[in-house]
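Shown next, in structure tokens, is the structure this report addresses.
The values are calculated or read from the model by the stated rules, or taken from the named source; none is laboratory data. Everything numeric in this text was worked out from a predicted model, so none of it was measured. Don't worry about glycine lacking a Cβ; one is built from the backbone with ideal geometry, like all the others, and counts go over all protein chains shown.
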Amino acid sequence: MKVKTFHALTMQDAIRAIKDELGPDAIILSSKEVQEGGRLLRLFNKPVLEVMAAAEEPHPEAVHRTVSAPPKAADVPPSAAAPDPPLAPVSAFQETLASLLKPSSAAAEAPAPRSTGGRPTAGWKAQRLGRLRTELHDLCNLLGASLPPEAQSLGGRLSGDVATCCRSLIAQGIRPSTAESLGRELHALVDGRPTLSREAVQEGMRTVLARRIRVSGPLLAGTGDRTVTLLLGPSGSGKTTAVTKLAAHYRLEEKKSVALVTFDTYRQASVEQLRMYANVLGVPFASALSARQVYEGLKRQSQAELVLIDLPGAGPEEVAAAQELHQLLKDDAALDVHLVVPASMREQDLFRIYDRVSTLPLLRLFFTKLDETASFGGLFELMHQTGAPLSYWSAGQRVPEDLEIATPERLASFLTAQHYQIPQSHEPLAPALTRMNPVAAATAPNER
């Protein structure tokens with residue numbers, strides 16, 4: 001193989017020079033702009049193209065065939081009168097380049113045997129094809145081994161579209177064992193029916209999923225009893241915005257009396273955000289340092305039908321405060337606790353945070369940021385494995401339009417459609433907020 005570097009003003013000039021010197025079968029290896037001359041001359045000279053090209057030198061056996069005496073025409077059959085053309089220079093060059101790139105080893109693969117015409121023999125081609133098939137088979141086995149054992153044998157235990165639905169749920173983040181259980185229930189549901197379309201099978205899966213989804217319903221069930229709702233969760237999960245959405249919904253749409261309380265004295269911006277919305281909505285607001293202060297404040301706000309309490313995190317201090325508040329309120333009002341977590345959080349982290357607060361009474365699940373993920377298996381698994389019902393979920397920054405009461409049918413549709421569809425059942429609330437306080441309404445919370 002012959003390699004040479006050429007310099008030219010244009011690529012056309014470089015190609016012309018390469019063909020003249022290395023022949024029409026030369027291959028360009030690289031090209032770049034360079035400055036010729038010394039350090040001073042480079043300031044004035046125009047850049048030129050530096051092109052590296054290579055061409056395959058003639059094989060010795062090809063030269064040997066050229067100088068050897070050809071057989072007599074009478075001794076050669078008509079079909080063999082014209083010798084096979086030599087190996088294409090491009091293919092030969094590619095093989096040579098590949099052999100140079102391979103690490104030198106005593107166990108290196110032997111070169112392909114060639115016929116007298118310069119082409120690889122048919123036997124070597126079959127051997128090469130067999131090796132490729134073996135490598136492809138090993139790769140398929142490796143990919144299959146990376147799946148959970150339950151998912152690998154899913155297709156053998158469930159039929160057709162049912163198995164496809166189950167694999168889709170596994171891709172959503174649902175555990176393979178749960179998906180197989182759902183698939184068996186779906187199979188029993190559609191068994192004996194005529195051939196169903198894929199859409200009908202998905203509809204059946206939505207029905208099966210909805211049967212297993214537990215929800216708690218709205219905060220105020222219409223009984224007239226006072227409700228104290230405490231929201232806690234990891235930092236950045238959207239607790240403060242969840243409080244404002246709930247307060248706006250029940251104050252403006254349900255016409256209920258609402259009070260806001262925050263324990264989040266570490267983040268002044270969060271406190272001011274809640275205070276601003278309390279002023280806009282015209283509801284009482286208080287900042288507390290302990291459960292005892294909250295209890296005393298609730299006595300003074302006895303007329304509030306719904307009290308929303310914002311805790312700054314989900315650590316031991318917040319759990320202790322929630323437990324103390326529960327003991328103080330157990331004879332006066334019902335206390336329900338909502339764990340607020342983003343839907344995009346990994347399943348391991350969801351369960352780790354849940355374990356911290358699992359001892360709290362009437363624990364419910366409030367998921368935020370559903371518009372930031374396409375995998376909703378974590379929502380289902382946390383509810384399914386712990387038994388804690390879903391209360392609300394939210395997606396977006398609109399207050400309170402982007403807030404929904406959790407329903408089995410909606411979550412089942414998320415899991416089968418693999419995306420969140422924003423409901424259009426609410427009208428924007430911005431005009432109402434603007435009429436109350438134009439300055440405050442122009443400032444929207446960034447945390448969802």
Within region 265-274, track down each residue that is touching a strand residue (DSSP E or B) at 6+ places or on another chain (Cβ under 6 Å) and buried (at least 23 other Cβ atoms within 10 Å of the Cβ).
LEU274
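Among the candidates GLN348, GLN303, which residue alone is over 27 Å from PHE414 (Cβ atoms) and not hydrophobic (A, V, I, L, M, F, W, C)? Break it down into steps so the answer makes sense when it comes.
Details: GLN348 fails: over 27 Å from PHE414 (Cβ atoms).
Answer to the check: GLN303.
Filtering region 245-264 down to residues that are on the phi < 0 side of the Ramachandran plot and of a type in the set (D, E, K, R), which residue is surrounded by the most Cβ atoms within 10 Å (Cβ to Cβ)?
In the first step, residues of region 245-264 are kept if they are on the phi < 0 side of the Ramachandran plot; the result is 245-254, 256-264.
Still in the running and of a type in the set (D, E, K, R): 245, 251, 253-254, 256, 264.
On the way: LYS245: 27, ARG251: 21, GLU253: 12, GLU254: 14, LYS256: 17, ASP264: 22.
Of everything passing the filter in region 245-264, LYS245 is surrounded by the most Cβ atoms within 10 Å (Cβ to Cβ).
Conditions tested, residue by residue: (1) closer than 23 Å to LEU362 by Cβ; (2) in contact (Cβ under 8 Å) with a residue 60 or more places away in the chain.
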| position | (1), (2) |
| --- | --- |
| SER181 | no, no |
| ARG184 | no, no |
| LEU189 | no, no |
| GLU199 | no, no |
| GLN202 | no, yes |
| LEU209 | no, yes |
| ARG212 | yes, yes |
| LEU220 | yes, yes |
When you scan region 244-329 for strands (runs of 3 or more DSSP E) that lie fully inside it, which ones turn up with 2 or more residues that are in the same structural domain as TYR354 (by TED's automatic domain parsing), touching a residue at least 40 places away in the same chain (Cβ under 8 Å) and closer than 27 Å to LEU350 by Cβ?
258-262, 306-310
Which ones in region 203-232 are surrounded by 20 or more Cβ atoms within 10 Å (Cβ to Cβ) and either touching a Gly at 6+ places or on another chain (Cβ under 6 Å) or among the polar types (S, T, N, Q) (or both)?
SER216, THR227, THR229
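Conditions (1) more than 17 Å from ARG398 (Cα to Cα); (2) among the hydrophobic types (A, V, I, L, M, F, W, C); (3) under 25 Å from the mean Cα position of the chain (by Cα), marked per residue:
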{"residue": "GLU203", "(1), (2), (3)": "yes, no, yes"}
{"residue": "ARG206", "(1), (2), (3)": "yes, no, yes"}
{"residue": "VAL215", "(1), (2), (3)": "yes, yes, no"}
{"residue": "PRO218", "(1), (2), (3)": "yes, no, no"}
{"residue": "ALA242", "(1), (2), (3)": "no, yes, yes"}
{"residue": "ALA247", "(1), (2), (3)": "no, yes, no"}
Among the listed residues GLN273, GLN202, identify the single one that is at pLDDT below 90, more than 23 Å from ALA322 (Cβ to Cβ) and touching a Ser or Thr at 6+ places or on another chain (Cβ under 8 Å).
GLN202
How many residues of region 347-368 are of a type outside the set (A, V, I, L, M) and under 22 Å from SER168 (Cα atoms)? The answer is 3
Filtering region 10-25 down to residues that are at pLDDT 85 or above and of a type in the set (A, V, I, L, M, F, W, C), which residue is nearest to PRO47 (Cα to Cα)?
ALA14
Going by the conditions given, is HIS326 surrounded by 20 or more Cβ atoms within 10 Å (Cβ to Cβ) and closer than 28 Å to ALA388 by Cβ?
no
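Is it the case, given these coordinates, that SER235 is surrounded by fewer than 16 Cβ atoms within 10 Å (Cβ to Cβ) and touching a helix residue (DSSP H, G or I) at 6+ places or on another chain (Cβ under 9 Å)? Break it down stepwise before answering.
Working: surrounded by fewer than 16 Cβ atoms within 10 Å (Cβ to Cβ): yes; touching a helix residue (DSSP H, G or I) at 6+ places or on another chain (Cβ under 9 Å): no.
No; evaluated as a whole, the condition is false for this residue.
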For region 6-29, give me each residue that is part of a helix (DSSP H, G or I) and surrounded by 12 or more Cβ atoms within 10 Å (Cβ to Cβ).
MET11, ASP13, ALA14, ILE15, ARG16, ALA17, ILE18, LYS19, GLU21, LEU22
Mind telling me which of the residues ILE174, ILE170 ends up being modelled with pLDDT of 85 or more, in contact with a Gly (Cβ under 9 Å, 6 or more places away or on another chain) and part of a loop (DSSP other than H, G, I, E, B)?
ILE174
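In region 249-270, how many are under 33 Å from the mean Cα position of the chain (by Cα) and either more than 21 Å from ARG398 (Cα to Cα) or of a type outside the set (S, T, N, Q) (or both)?
Step one: filter region 249-270 for residues under 33 Å from the mean Cα position of the chain (by Cα), giving 249, 264, 266-267, 269-270.
Among the residues that remain, those that are also either more than 21 Å from ARG398 (Cα to Cα) or of a type outside the set (S, T, N, Q) (or both) are: 249, 264, 266-267, 269.
Count: 5.
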So which of ARG193, ARG184 is of a type in the set (D, E, K, R) and modelled with pLDDT of 75 or more?
ARG184
